[in-house]
Amino acid sequence: MLNKRQKNQRFVSYTFLEKKRKAQVSEIMTWVVATIIILSILLIFVYASSLLAQKTKIIKAKDLKIDIGKEVDLLETKNLIAFDLASENEEKIIKNWEEENE
Amino acid sequence: MINKKGGGKLMAMYWFVILMIVAGGIFAMVYSFYQHPYDVRELEAEMMINQIADCLSSKGELNLELFNEEGFSEEFPENFLENCHLNFEVEEVWEGEPQYYFRIDFYNAINLENSVFEISKGNSNLVADWNIQEEKEYKRTAKGVEDSFFSFNGEDMYLIKILTIIKKTEKNVK
């Protein structure tokens, strides 16, 4: 049979342990959540970089701009020269063809 | 006191593991980005078109070697690659299977429907490979570019349509 003092001691130690366990669980949970967030952000970035690699690594000449700051299309230049040399009828042919191909 | 020291060590271990995971993640990001090669086939095809166009026409006039007294000459197309400084040689990976194709169609400006002369070189099987992509673009099929321009032969005006196709999938797509 426990006396009053012993009972009180038991009660005090029990509540202390309970509080300590709760504190430990909440601290562990914080780090578990932090770890999950870190890993998920990492996975998102890895996935995004692989997607980016697939999409942005297709290079076309029209995407490139030369130092003068304008897109230069060689065949367009040739068409302009031809247009300069063309007679009125030929100019019409070039215009019609360009309109059809726009 | 002992517990505090133990907790500190545990946290250090945890941070070390997290550091390793983050480092691994960064490595994975860089690796996944750089393991994909640049797909320059369309750029290469456009460069080939420019090279051919420059060879065929200068200052609005068609190359005189294209013609003889009767009309279009058959000699120029025979040595077209040498005449236009084109090199279709490829690495050993594709030896025996040409990776390039081009076709040039000449149309008289009076009739833009029917071609009057044609020059083509390379692997003609690539045309079918390229045609598949009319509705949807596929990564592993051959890439092609088609462009055209007008030029003169004396008084006649011609429309020159150039189609270039390049396969080289292994080096451009992963």
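A few comments on the model shown:
- Rounded to 10°, Cα long-axis angle of helix B:41-56 versus longest principal axis of chain B: 20 degrees
- Sparse packing (at most 14 other Cβ atoms within 10 Å of the Cβ) combined with a DSSP loop state is found for the following GluC sites (Glu not before Pro) in the range B:90-174: B:GLU91, B:GLU95, B:GLU113, B:GLU135, B:GLU137, B:GLU155.
- The protein assembly as shown: antiparallel DSSP beta bridges as a percent of all, rounded to 5: 95 percent
- In degrees, nearest ten, helix B:2-34 long axis to first principal axis of chain B (Cα): 0 degrees
- Shielding of B:154-160 by partner chains, average beta-carbon count, 10 Å: 3
- Report summary: the helix-based calculation at 222 nm, which adds -39500 (n - 2.57) for every DSSP H run with n ≥ 4 and divides by the residues of the protein assembly as shown, gives -17500 deg cm²/dmol.
- Separation between Cα centres of the range B:8-29 and the range A:15-59, rounded to whole Å: 12 Å
- A cut-off of 5 Å between modelled amide H atoms, ignoring neighbours fewer than 5 places along the same chain, links B:SER73 with B:PHE67, B:ASN68.
- Along the range A:29-34 the Karplus relation, 6.51 cos²θ - 1.76 cosθ + 1.60 evaluated at θ = phi - 60°, assigns HN-Hα couplings of 4, 4, 6, 5, 4, 4 Hz to successive residues, with x for each Gly and Pro.
- Rounded to whole Hz, the Karplus (6.51, -1.76, 1.60) HN-Hα couplings of the range B:65-77, x for glycine and proline: 5, 5, 10, 10, 4, 7, x, 6, 8, 8, 6, 4, x
- Taking all Cα pairs closer than 8 Å and separated by 6 or more residues, the relative contact order of chain B comes to 27 percent.
- Loop-located chymotrypsin sites (Phe, Trp or Tyr not before Pro) in the range B:100-144 whose Cβ has at most 13 other Cβ within 10 Å (DSSP): B:TYR138
Each value in this text was obtained by applying a stated rule to the coordinates, not by laboratory testing. Small disclaimer: the values here were computed from a predicted structure and weren't measured. Cβ atoms come from the backbone with ideal geometry, glycine included; neighbour counts cover every protein chain shown.
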